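What follows is a set of notes on a single structure, which appears directly below.
Just so it is clear, none of the values below were taken in a lab; they were calculated from the coordinates. Just so we're clear, the structure is a prediction, and the values are computed from it rather than from any experiment. No Cβ is skipped: glycine too gets one built from the backbone with ideal geometry, and neighbour counts run over all protein chains shown.
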């Protein structure tokens, strides 16, 4: 009983004044109007930042005043403030990554044209070159070796926990989507069985991986045709740097790939 009384004594309840509640309510209404107004203005890459700033202010008012955090123990305010700092760091790091990915973003995205129209580092990436294969080897070591193994035999350290097992790239048979560069590119884009999709990788990186994967096995006879390129949305006759393939494959191509699984 003594402990209970001491608890109530140390934790005094705060009654929110009507005037304060009205002021906060008005502030929230004003901020909502500001949100709607700014939504009508194109601020470019700052659209999201401004929206998040206004939302954070509104959330802070609700937490601090209506939920009583301002009148609660100080450690709770520290926890809440720390969460806001963490969220800010998260968004800053995400945007730092988002704005440096170059041609992974296609035209028509929310990013400015100056970012989405950057030329590809590997024009016509569907054509294998020593530079592309070397780049693919670097990507393979970072993204694929844990499952498929350093020699591409499907015996990486993570393979034991997977069912079905990762693809053995050294054999010519059993490729569900085929061993052609475009077919491997499509598999990387869409994923297959226990392998996740790697559509977040820029198209040239996926082509580089496809070319490197083919060095593990006897696939020289498996060459792409015009129809194969069309399935992954590539026109091999185009010379533009930006024509390195879409970040997502066409719907009809996805249906074709699903039907072959």
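Cβ-to-Cβ counts within 10 Å put 53, 139 in ascending order as 53, 139, the fewest first. Measuring r between the beta carbons of residue 35 and residue 141 and using R0 = 35 Å, the FRET efficiency lands at 0.15.
In this rough spin-label picture, where each label sits 7 Å from Cα along the Cβ direction, the residue 161-residue 74 distance is 4.4 nm. For the range 30-65, backbone nitrogen atoms closer than 15 Å to the point 7 Å from residue 20 Cα along Cα-to-C-beta are found at 61-65.
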